[in-house]
Amino acid sequence: MGQQRVMRVGIVYGGKSGEHEVSLSTAFAVMKAFDYDKYELVPFFITRSGEWRVGEPRHAPFQDISELTLLSSSGGTVRAMELLFAGLDSSRETAPSKTLDVIFPLLHGTNGEDGTIQGLFEMANLPYVGAGVLASSVGMDKAFMKQAFAHADIPQCKYVHFIVSEWKREREQVLLHTEAELGYPCFVKPANLGSSVGISKARNRTELIASIELALQYDRKVIVEEFVDAREIEVSVLGNDEPKPSVPGEIISAHEFYDYKAKYTDGKSSMAIPAPIDSELTERIRELAVKAYRAIDGSGLARIDFFVRRSDMEVFINEVNTLPGFTPFSMYPLMWKETGLPYQDLLDQLIQLALDRFEAKQQLHYESV
């Protein structure tokens, strides 16, 4: 018997996003963890300006994170698109060794997990890991996400949202409405960003104005949420039509809230996996995680974040993250490790879920019958 062909996986990372550096860290960790006896990896780096660079197929991981920028690559965005769309070229026979079997996007934030690049993969007719276009878009836009949660009857904190033109045109009305609905303190966030970038806690009107101005540097839409004195509990979800939840984990932040610095730079926050909560609360949160996943039509993976109010242990959903941090030290893989699924096996399952979803979609009719 001949040797089985290894699967060629395109790894896409970097990006024109405020979470560019986070993406590089994720890609470096993921590429180190793959089993190179089963996979051949093709790195696709996207610069901060949006230029694509393509590296040669790799049969071993990079040794230093700086190598991920692919400075010696040639061909740029044109070559990247040729590789992505190679399978659609019916004008010539394309050797299997020149095409990609599946794409693994590791792009956090804008243009990476908001449905835009997922749409590119759909047009290229390529299997890809993670949520589809709709789920990615809803999972990125916190305002629409909250509307999906409300429709699914999932409890959540009070919030208001507005766009930059409203803020410029009706600043006083926006402030009065926000104060009347939420009071102080409250949290101000860009509606379309992750990794806690651009998030502030406002304790008075002066801080609220400054926080809104900061958030508007990252997105044209702002969401403001009421403050709840709560524990932060998270659940990893894995699957397509039959998603499974992991054991919950708890974030114990060394800051007032789990901001970018607490997540990535100071190393003072900690995690408790499994979360120290009773079995009844554990099962309620796991059930709500799956319900939220289905509410946005999730596939592949997502991390679902909750607040558990300290005063009465009431559960509120915070958000769904369709492309969570994915280093071996991130909550998503750690919760699965504690559930019994090691990091490398998790990668295998995500690849298989992408292929399964793609195969199911190929069975659909695209012309009238």
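The values are calculated or read from the model by the stated rules, or taken from the named source; none is laboratory data. Predicted model, so just to flag it, every value in this text is computed and none were measured. We place every Cβ from the backbone using ideal geometry, glycine too, and count neighbours over all the protein chains shown. In case anyone asks, the SASA skips ligands and DNA or RNA and just uses the protein heavy atoms, side chains included. Shrake-Rupley method; radii C 1.70, N 1.55, O 1.52, S 1.80 Å.
Ranking Val188, Leu70, Leu83 by Cα position along the charge dipole of the chain, where only Lys, Arg, Asp and Glu carry charges on their C-beta atoms, puts Leu70 farthest toward the positive end.
Report the FRET efficiency, 1/(1 + (r/R0)^6), for Glu51 and Glu122, where r is their Cβ-Cβ distance and R0 is 30 Å, rounded to 0.05.
Values: r = 22 Å, r/R0 = 0.74.
So, using R0 = 30 Å, E works out to roughly 0.85.
Taking amide H as placed 1.01 Å from N in the peptide plane, Phe162 has its amide H under 5 Å from the amide H of Val222, each at least 5 places away in sequence or on another chain.
Here's the list of aspartates and glutamates a cross-link from Lys291 could span, going by alpha-carbon distance under 19 Å and ignoring same-chain residues fewer than 8 apart: Asp141, Asp153, Glu232, Glu234, Asp241, Glu242, Glu280, Glu283, Asp305, Glu314, Glu319. Please report the spacing between the Cα centers of the range 292-355 and the range 1-74 in Å, no decimals. With the range 292-355 and the range 1-74 each reduced to a Cα centre, they are spaced 23 Å.
Subtracting the Cα-Cα distance from 0.36 nm times the residue separation, let me have the gained length for Glu280 to Val164 in nm, one decimal. Let's see the in-between values first.
On the way: separation 116, 0.36 × 116 = 41.76 nm, distance 4.26 nm.
Length difference between fully extended and current span is 37.5 nm.
3J(HN,Hα) along the range 286-301: 5, 5, 5, 4, 5, 4, 5, 4, 6, 4, 9, 6, x, 8, x, 8 Hz, from the Karplus curve 6.51 cos²θ - 1.76 cosθ + 1.60 with θ = phi - 60°, whole Hz, x for Gly and Pro.
Spacing of the modelled spin labels on Glu207 and Leu364, each 7 Å from Cα toward Cβ, amounts to 4.6 nm. Considering only alpha-carbon pairs that sit under 8 angstrom and 6 or more positions apart, the relative contact order computed for the range 129-238 is 30 percent.
Explain nothing, just the number: dipole magnitude of the chain about its Cα centre with +1 on each Lys and Arg Cβ and -1 on each Asp and Glu Cβ, in debye rounded to the nearest 20.
On the way: 38 positive and 52 negative charges, 127 e Å.
Its charge dipole is roughly 620 debye.
Checking the Cα-Cα distances for Lys32/Lys361; Lys221/Lys337; Lys38/Lys244; Lys168/Lys201; Lys16/Lys337; Lys16/Lys189 against a 28 Å cut-off, the pairs over it are Lys32/Lys361; Lys221/Lys337; Lys16/Lys337. Just grab the label-to-label distance for Gln147 and Lys16, each label 7 Å out from Cα along the Cβ direction, in nm (one decimal). The two pseudo-label positions are separated by 2.6 nm.
Counted residue by residue at 0.36 nm each, then reduced by the alpha carbon distance between them, the extension gain from Leu88 to Val228 reaches 45.3 nm. Here the label points at Lys38 and Thr77, each 7 Å from Cα along the C-beta direction, are separated by 3.6 nm in the simple model.
Considering only protein heavy atoms, what per residue accessible area in square angstrom results for the chain with a 1.4 angstrom probe? Write down the numbers at each step before the final one.
Details: 17230 Å² over 369 residues.
Normalised by residue count, the accessible surface of the chain is 47 Å².
Mind checking the range 297-369 for trypsin sites (Lys or Arg not before Pro) that DSSP puts in a loop (not H, G, I, E or B) and that have at most 12 other Cβ atoms within 10 Å? List each step's numbers first, then the result.
Details: sites: Arg303, Arg309, Arg310, Lys337, Arg357, Lys361; in loops: Arg310.
Here the trypsin sites (Lys or Arg not before Pro) that fit, given the DSSP loop and packing criteria, are Arg310.
Only one of the values (1) 19.0, 56; (2) 23.5, 79; (3) 21.1, 74 was calculated from this structure for Rg and Dmax of the Cα atoms in Å; name its label. Comparing each candidate, only (3) matches the computed number.
Calculate how many DSSP beta bridges within the chain are antiparallel, expressed in % of all such bridges and rounded to the nearest 5. Once the DSSP bridges in the chain are tallied, antiparallel ones form about 75 percent. Heavy-atom surface analysis with a 1.4 Å probe gives the chain a carbon and sulfur content of 51 percent of its accessible area.
The 3J(HN,Hα) values that the Karplus relation (6.51, -1.76, 1.60; θ = phi - 60°) gives for the range 37-49 are, in residue order, 6, 10, 10, 10, 9, 10, x, 10, 9, 10, 6, 5, 8 Hz. Gly and Pro appear as x. Summarising the amide proton neighbourhood of Ile11: residues at separation of 5 or more, or on other chains, whose placed amide H is nearer than 5 Å comprise Val42, Phe44, Phe104. Counting only DSSP beta bridges whose two residues both lie in the range 6-141, roughly 25 percent are antiparallel.
Rounded to the nearest 500, what is the chain's calculated 222 nm mean residue ellipticity when only DSSP H runs of at least 4 contribute -39500 (n - 2.57) each, over all residues? Could you put the intermediate results ahead of the total?
Numbers: 12 runs with 129 residues, N = 369.
Helices in the chain give a 222 nm mean residue ellipticity of -10500 deg cm²/dmol.
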